[in-house]
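What follows is one structure encoded as structure tokens, with my remarks underneath.
The values are calculated or read from the model by the stated rules, or taken from the named source; none is laboratory data. Model, not experiment: these values are computed from the prediction. Positions of Cβ are backbone-derived with ideal geometry, glycine not excepted, and every protein chain shown enters the neighbour counts. Note: areas computed on protein heavy atoms with side chains; ligands, DNA, RNA excluded. Shrake-Rupley method; radii C 1.70, N 1.55, O 1.52, S 1.80 Å.
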Amino acid sequence: MRLTSFIGFTLLTGGLCYVAARGAGPLPPLGPIIDPARGALAMARSTELPRAWSGKIPGLSAGVTVAYDDRGVPHVKATTVDDAYRALGFVVARDRLFQMELQFRAAAGTTSEFNEKALAIDTVSRRIGLAWGAERRFALVKKDSKEMRSLDAYAAGVNAYVDQMRPGDLPIEYRLLGKRPMHWEAKNAFYFLARMNQTLSFNLPEINILKAQLLVGRAAAEELYSSRAAIQEPIQPNGQKTTRFDLPPMPPPGEPDSSALSATKALALAVSAMGVTATADETTREASNNWAIGPKRTKNGFAILAGDPHLDLSLPSIWYEAHLTVPGQLDSYGFTFAGTPSIVLGFNRDVAWSATNTGADVVDFYRETVDDPKNPTKYMLDGAWRTIDLRPQTYRGPSGEVLLRDTLRYTHRGPLREFAGLWLSMRWTALDTNNVDASLGAFQAAQTATSVAGLMDAMAAYPGPAQNFVMADRGGNIGIRSTGLYPIRPGDGSGLALRDGATSASDWTGYWSTKDYPQSVNPPQGFLASANQQPIDPKVNPKYFGADWPAPWRAIRINQRLRADSAWTPGKVRRMQVDSGSARADFYVPYFLDAVARLAGAGRSSNDIARAAALLAEWKRSYTPGDKRAILFETAMERLNFLLWDELNVRDSNSSMRPRTPGGLALARLLQQPDSRWWDDRRTPALETRDDVLARALTLAYAEVVAKYGRDPSSSDWEWGTTSPMKIWHLLKLEPFSALDVEARSGPETIAPRASNGTHSASERLVVELGPTVRAATTYPGGQSGNPFSKFYRDRIGRWSHGALDSALFNDVPAARVISTLTLTPEGK
């Protein structure tokens, strides 16, 4: 055990001794944890991989060898694909068993069986239909399909490990909770996919429009959260050689429109009950990047692919790195989710692929007419009553005690529930049963693709959560497609209204054809990129795809960098993944400085505002650790949003009715209108203009930064890395098992962005050069092991935070770098 691990272990067990007999808060007494034979001491002794070890898995057709390299990556060598998945289940269970179960329970709505305080999370999961949808989808997987065989094989591997665990192997989280691991079932992967849909596809742009409509009228509300991004740098190239700024005037705030008050209140309650944060600011939204560069723009003449999907950070990481080999059938390397039998993002000998989230609108709500407003059993459709599917629910605590009984209701559209006197049902692609076999099958097919065209075919039926899949191959081809189920809605096709559930004319009529998806292969520009921006230019295709798009600052920066160089190398691409320059700052900073200059010219300046402007002008608009001006800009942007959007403040204490602060697209448009009524702060007697508000925001920001960090702007207290560290929490929010002060090259809306609270950033990074010999490098913020005492628990964080990647041992694992060999054999042999 390393010295640092031993110190951490000593501190932890010392603290545990204190509560060994008493327990601590929701945790049980911890005496068993310090039992020298079965507790944390035994666990610490078993943290590291033995030089050679063995296991048995029922159903293996032949032996499987797993060589672990010195980064903890298992290289699985099997004789059949199903055997490879059995082995993958075994090794993932060894490293991530508690994570697997917690993710399953989060979707199934049974985490209260670990801790009764998780009941609220469980009610959300069940009420939005995660378990219902997972069960329906799993039931439709063909029993003799490749996907079902892989699910069964993976489950067999997981359970084989669980059954062969020694007492010291039990993860510490189970010890803390006084629980034993569950046995894994094939269906559990569908619960995880449901949970990922909740994270990535539960977008509800209509709620902010409806809330804003109550305050400023429908016309203004629709423009604040527009379906047409005012700044265009789309995923599907539109032929432009630079970013297009379409910044038409914003309509002024109109009169409050209460015509949709009851519907808005009901929908706001529904959104809140479903765990969606409709008021989150733009910097906390998804922030993934990927790009592919064609051979004419690379130094070595080979295509290069880069990907860094951004998700909530955790220890252990959501990703697990692995290499699966079956001679003549499979040779795939990359990242898998704990609980899924496939490499999800990665590469093989011929192709590589990565993904970002599309942000498409794939959820609609319907106002239903029911037979009994208090206890309905039927709902009206086309003049006839239909039976509601009633499903009684029981939520239990850690000892099996009943915490809550509930009844879930479903229409043909999906979950049905009452909010503010209205019965609303929900249609969501995540709960639909289309293309079920492609849920995991698409990723499994991608593992064996040999070209971009083959990858496109493999992913064509993928149902969701909808992703922008970028890809490249050894033939020099590059491609991208926004793939998933996109509903065809009646009427104008918009998803921005609460629909009448009493008529089937309100229902979706199908899904987009794959040929209509935003996509491109080998464009003349020689590169492709996505960063969660609007996928297709509405001037190219005006069809509704979603609304309330994030400003494409990252996409702008990525495309600027890619356009400016025709000799890209993997090393350059790696450095670009942590590029800390900011197109957002490049756009906004001149407006602040020009506003101060104009006011000074009019004799309306002060020492503080002049000082603030001088400091901001010194900024290089980069978020590198140690930078001492980024904090002033970020604080000024926060103050600007506070001063600007007073029209959206609700007039009572019900903050749930306040719409989300409009994003950068609305602000960019308003900056072109210096005298718009939006700039006037109705909380003051004066009539403010754009320059007044910008100068006031900068003045307040300077005062705030000085109050927090001192008057000396050269002080280390002003440094960006120290004022805004990354925070990587353990799954159970246990501070000793977390990394909470991680310095990283990261800033809002840079290529290496992070949420304002520091908990959301690049969940993994991948760079692949597709030459005659495929070469790749990877990293993620954490480590392969879920055991906090293991040297592989957080060993990658330091290099990840500085943008460093490690070479993936894809072509060969030198004997000197093999630290452990696992031999798996069929049970009974």
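As a calculated quantity, the FRET efficiency between Arg218 and Arg575 at R0 = 45 Å, using C-beta atoms, amounts to about 0.45. What is the calculated FRET efficiency for Val521 to Glu827, with r their C-beta to C-beta distance and R₀ = 45 Å, to the nearest 0.05? It comes to 0.45. When only the Cβ of Lys, Arg, Asp and Glu is charged (+1, +1, -1, -1), the dipole of the chain relative to its Cα centre reaches about 1100 debye.
Taking every C-alpha pair closer than 8 Å and separated by at least 6 residues, the mean separation divided by the residue count of the range 365-429 gives a relative contact order of 30 percent.
With a threshold of 28 Å on the Cα-Cα distance, the over-threshold entries among Lys241/Lys296; Lys146/Lys733; Lys179/Lys791; Lys241/Lys543 are Lys146/Lys733. Each of the peptides 458-469, 817-828, 485-496, 144-155 was scored by the mean count of other Cβ atoms within 10 Å over its residues; in descending order, highest first, they stand as 458-469, 144-155, 485-496, 817-828.
Within the straight-line cut-off of under 20 Å between alpha carbons, the lysines reachable from Lys143 are Lys187, sequence neighbours fewer than 8 places apart in one chain being disregarded. Sequence-ordered 3J(HN,Hα) estimates for the range 490-507 from the Karplus curve with 6.51, -1.76 and 1.60 and θ = phi - 60° stand at x, x, 7, x, 6, x, 9, 9, 7, 8, 7, x, 7, 10, 6, 5, 7, 6 Hz, glycine and proline given as x.
Cβ-Cβ distance of Met165 and Asp741, R₀ of 30 Å, FRET efficiency by 1/(1 + (r/R0)^6): the value works out to about 0.30. Taking a straight line from the alpha carbon of Lys265, these lysines sit under 23 Å away, with near neighbours fewer than eight places off in the same chain left out: Lys211, Lys374.
Computed from Cα positions, the angle between helix 81-108 and the longest principal axis of the chain comes to roughly 50 degrees. Eigen-decomposition of the gyration tensor built on the alpha-carbon atoms of the range 220-379 gives equivalent ellipsoid semi-axes of 41, 28, 14 angstrom, largest listed first. For the peptides 165-175, 626-636, the ranking by mean Cβ contacts within 10 Å, running from highest to lowest, is 626-636, 165-175. Per-residue extension of 0.36 nm, minus the Cα-Cα distance of Ser716 and Glu618, leaves a gain of 33.6 nm for this segment. Distance from the alpha carbon centroid of the range 87-117 to that of the range 651-689 works out to 44 angstrom. Taking label positions 7 Å along the Cα-Cβ direction at both Thr242 and Ala610, the computed distance is 3.5 nm, reported to one decimal. For Lys77, a cut-off of 14 angstrom between C-alpha atoms picks up these aspartates and glutamates, skipping any fewer than 8 places away in its own chain: Asp69, Asp331, Asp812.
The convex hull built on the alpha-carbon positions of the chain has an orientation-averaged projected area of 35.6 nm². For the listed peptides 391-404, 293-306, a ranking on the average number of other beta carbons within 10 Å per residue, highest first, reads 293-306, 391-404. All alpha carbon pair distances within the range 631-675 were sorted into 5 Å bins beginning at 0; the resulting P(r) in whole percents reads 5, 18, 24, 26, 15, 10, 3.
Residues of the range 814-829 with amide nitrogen under 15 Å from the 7 Å Cα-to-Cβ point of Thr65? Once the point is set 7 Å along Cα→Cβ of Thr65, 814-825 turn out to lie under 15 Å by backbone N, inside the range 814-829. The overall shape of the range 510-619, judged from the alpha-carbon gyration tensor, is oblate: a/c is not under 1.5, and a/b is no greater than b/c.
In a simple Cβ point-charge model (Lys, Arg +1; Asp, Glu -1; nothing else charged), the range 365-429 has a dipole of about 120 debye relative to its Cα centre. Please label the shape of the range 73-220 as rounded, prolate or oblate, based on the square roots a ≥ b ≥ c of the eigenvalues of the alpha-carbon gyration tensor (a/c under 1.5 means rounded; beyond that, a/b larger than b/c means prolate, else oblate). Prolate shape, in that a/c is at least 1.5 and a/b is the bigger ratio. Per residue of the chain, the DSSP helices (runs of n ≥ 4 H) give a summed -39500 (n - 2.57) that works out to -9500 deg cm²/dmol at 222 nm.
Compute the label zone of Leu140 within the range 406-434: residues whose backbone N is under 12 Å from the point 7 Å along Cα-to-Cβ. From the range 406-434, the list is 429-434.
Between Lys733 and Thr199, the simple label model (points 7 Å from Cα in the Cβ direction) yields a spacing of 1.8 nm. In this simple spin-label approximation, Leu261 and Gln672 carry label points 7 Å from Cα along the Cα→Cβ vector, and these lie 3.6 nm apart. In this view, the solvent-accessible surface of Thr684, computed with a 1.4 Å probe and all protein chains in place, comes to about 50 Å².
When the Cα gyration tensor is reduced to axis lengths a ≥ b ≥ c, the ratio a/c is 1.5 or higher for the range 365-429, and with a/b above b/c it is classed as prolate.
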